[in-house]
Amino acid sequence: MSAVGIDAIEIWTGKLELDLPNTFAPAKNEDPEKYTKGLGLQTSSFPDTYEDIVTMGANAAKRLMDRKDLMPDDIGRIDVATESAFDNSKPVSTYIAGCLERVHDGDFHHANKGERKFACVSGTQSIDDAYNWIRAGRHRGRSALVIATDTALYARGDPGEATQGAGAVAMLISEDPSLVELSNEQGYGSADETDFLKPNQQFPSVDGKRSMQVYLARMREAVEDFESVAWDMQPEDFAYIPFHTPFPGMVRKAGLLGYRHTIRDTEVEDELAEQIGRQPREAEYDDWEAYEEAIRAYMDQLKDTDEYLDWYDRVIEPTLDISRRVGNWYTGSVHVARASALKHALETDRSLAGEKLLIGSYGSGAQAEIHAETVQDGWREEIEALSIDEQLERRYDISYEEYEKVHDAHNHDMDREVEEFTQPEGEFVHAGWGRMNERK
Ligand code: HMG
């Protein structure tokens, strides 16, 4: 069978922006550098009071269908990944399909629709489902639409408040993709965790510090699992490594995991072998813990070396450009990081076709997935078509008082009369929960 992967991508940002160092930090009486240097954020995207997960997802998907000249008949599957759903029965994909049917000829009556849930990793899981559906030959030549859409809001006063964001990423999964081919090599790290959860509540209950440790632990397990199917890979094999980015400071800590493959270097392996008394690959189970300890100590020493810092600047830093300006988009976050990396390649006129990306997805609760992708010949045209810079520039910069109003409105209180800060421009807008969204 021919290659299967992501053919096209569209990003829709919430239309408001909150300036963290200049608006949020003074209101919270905090040092702005905590946000810019510590968390690595400048602004976050917020949904206006007529935007929600359905409108943002439908607007991203409409743009993608228009650009790729697609009709509903071309789509055999629509999966929405979200952790901001408002309906426990009807999947968000049906609401979005309803919007799209109102502006395209035809309908999605023969498309399989669903909603995927596993915190932020469900965007990647939906891509995996689409990949498997196509690979199994059940797609009848059609493509799958995957939409990751979230309003990532925290209760006011929660430490997570600084990392909020809102937006949607629509992705078309097809045979012979233009953007990236997915490989069947994957690694997982998964365990029952309770550091971040939303049991029947709008805002998450979070143990922020622990959530960072859980992210790193699961991601490390996923990398180890990935190594078992891709033993000979080295850090320089990957042009970029986009990680799930709740805030760039988290990726600064995770970056080292992308460098772990240096332990494959024979000299390093010998050094580690000396520490545990035998070659790692011959290690018995009991030695394994000691070997892992030795790796951790070795990696810890690496993190301040020029060699590592140079690698980080080339391979990880470019994945964070958009995230710094939009905050956490939960399910869309790692896909924004991939787009950011490819945009960087375009802006630096880098030739990328045939090069590999290593994608580190993560969802609280908790599961990490590592997989590799190969950039395809059509990547440049696909990334040139993105309008994310314009969208970011056009956001309305809210004051702290306006932020409080918007935050209240999105606390499932959108059906009362609320002020709007921008004008809809030929897009789907919220018309009341459970009702069809209008186009204005
Ligand atoms: P906090 O506790 O308020 O912040 O919130 P802090 O005091 O730890 O400071 C943050 C960083 O800024 C630290 O850097 C400080 O040193 C630094 P670090 O030491 O960690 O490298 N800092 C400064 N730097 C320069 N100048 C200053 C200054 N002050 C401090 N003046 C916390 C941080 C992450 C706890 C909070 O934002 C939070 O709870 N966030 C939500 C949870 C989260 O994002 N967790 C991340 C991992 S879990 C995940 O990614 C999954 C998720 O996306 C959900 C899902 O999967 O569905 C969240």
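None of the figures in this text is laboratory data; all of them are computed from the coordinates on show. As the structure is a prediction and not an experimental result, all values here were calculated from the model. Note that we place each Cβ from the backbone using ideal geometry, even for glycine, and neighbour counts take in every protein chain shown.
Could you work out the relative contact order of the stretch 143-257? I mean the mean sequence separation of Cα pairs under 8 Å and 6+ apart, divided by the number of residues, in percent.
Values: 114 pairs, mean separation 26.2, N = 115.
After rounding, I find 23 percent.
State, to one decimal in nm, how far the label point of E33 lies from the label point of D313, with both points 7 Å from Cα in the Cβ direction.
2.1
How would you rank 90-97, 144-151, 42-49, highest first, on the average number of other Cβ atoms within 10 Å across their residues?
On the way: 90-97: 23.0, 144-151: 29.9, 42-49: 25.8.
Final packing ranking: 144-151, 42-49, 90-97.
If each residue of separation counts as 0.36 nm, what is the full-extension length gain between K405 and N22 once their alpha-carbon separation is subtracted?
Details: separation 383, 0.36 × 383 = 137.88 nm, distance 1.83 nm.
The span from K405 to N22 would gain 136.0 nm if fully extended.
Relative to the longest principal Cα axis of the chain, at what angle does helix 248-258 sit, 0 to 90 degrees, rounded to 10?
In the chain, helix 248-258 runs at an angle near 40 degrees to the longest axis.
Name the lysines eligible as straight-distance cross-link partners of K343: C-alpha to C-alpha under 20 Å, and not fewer than 8 places from it in the same chain.
Excluding near neighbours in sequence, the set is K68, K356.
Taking a virtual spin label 7 Å from the Cα of R156 along the C-beta vector, which residues in the stretch 30-52 bring their backbone nitrogen under 17 Å of it?
Residues 30, 46-47, 49 fall inside that zone.
Could you sort 74-84, 383-393, 163-173 so that the peptide with the highest average Cβ count within 10 Å comes first and the rest follow in order?
On the way: 74-84: 25.2, 383-393: 14.5, 163-173: 29.3.
Result, highest mean first: 163-173, 74-84, 383-393.
As a test of the definition: which semi-axes, in Å, follow for the stretch 4-439 when you take the square root of five times each eigenvalue of its alpha carbon gyration tensor? Largest first, please.
On the way: eigenvalues 252, 136, 76 Å².
Output for the stretch 4-439: semi-axes of 35, 26, 19 Å.
Counting alpha carbon pairs within less than 8 Å and at least 6 residues apart, what relative contact order, in whole percent, applies to the chain?
Working: 924 pairs, mean separation 113.5, N = 440.
Relative contact order, the chain: 26 percent.
Rg/Rh for the stretch 349-412: what does it come to with C-alpha atoms and Rh from Kirkwood? Please report the intermediate quantities before stating the final value.
On the way: Rg = 18.9 Å, Rh = 16.1 Å.
Over the Cα atoms of the stretch 349-412, Rg/Rh equals 1.17.
Please work out the Cα center distance from the stretch 156-214 to the stretch 5-47, rounded to the nearest Å.
Rounded to whole Å, the Cα centres lie 17 Å apart.
So for the pair M71, Q201, with labels modelled 7 Å out along Cα→Cβ, what separation do we get in nm?
Placing both labels 7 Å beyond Cα along the Cβ direction yields 4.9 nm.
Which one, S205, L257, S364, is farthest towards the positive end of the dipole of the stretch 4-439 when Lys and Arg carry +1 and Asp and Glu -1 on their Cβ?
S205
Which order do the peptides 188-201, 328-341, 236-249 come out in when sorted by mean C-beta neighbours inside 10 angstrom, highest first? If you can, show how the numbers build up before the last one.
Numbers: 188-201: 14.2, 328-341: 28.6, 236-249: 23.4.
Top of the packing list down: 328-341, 236-249, 188-201.
Quick one: D310, D107, D321, fewest Cβ neighbours within 10 Å first, how do they rank? Each step should come with its number before you reach the end.
Values: D310 10, D107 14, D321 18.
Taking fewest neighbouring Cβ atoms as first place, the list is D310, D107, D321.
Where does the charge balance sit around R116 when Lys and Arg score +1, Asp and Glu -1, over other residues with C-beta under 14 Å from its C-beta? If you can, show how the numbers build up before the last one.
Values: positive: R77, K113, K117; negative: D79, E83, E115, D128, D129, D150, E369.
Residues close to R116 contribute a combined charge of -4.
So, R0 is 45 Å and r is the distance between the beta-carbons of D87 and D306; what FRET efficiency does that work out to, to 0.05?
Working: r = 52 Å, r/R0 = 1.16.
Here the calculated transfer efficiency is 0.30.
Run down the aspartates and glutamates and flag those whose C-alpha is under 17 Å from the C-alpha of K113, throwing out any fewer than 8 positions away in its chain.
The qualifying aspartates and glutamates are D73, D74, D79, E83, D87, E101, D128, D129.
Among the listed pairs K28/K198; K117/K198; K28/K405, which are separated by more than 18 Å between their Cα atoms? Show your work: numbers first, answer last.
On the way: K28/K198 25 Å; K117/K198 12 Å; K28/K405 16 Å.
Cα-Cα > 18 Å for K28/K198; rest within.
Considering only H109, I241, V4, whose Cα is most displaced toward the positive end of the charge dipole of the chain, charges sitting on Cβ of Lys, Arg (+1) and Asp, Glu (-1)?
H109
Can you figure out the FRET efficiency of D397 with A290, using R₀ = 56 Å and their beta-carbon distance, to the nearest 0.05? Please report the intermediate quantities before stating the final value.
Values: r = 54 Å, r/R0 = 0.96.
Efficiency, rounded to the nearest 0.05: 0.55.
Using the count of nearby Cβ atoms within 10 Å as a rough guide to exposure, how do H109, H104 rank from fewest to most? Mind dumping the intermediate values first?
Working: H109 9, H104 17.
Least crowded to most crowded, the residues run H109, H104.
In nm, give the distance between the simple-model label positions of H109 and E417, each being 7 Å from the Cα along the Cα-to-Cβ direction.
About 4.2 nm, to one decimal.
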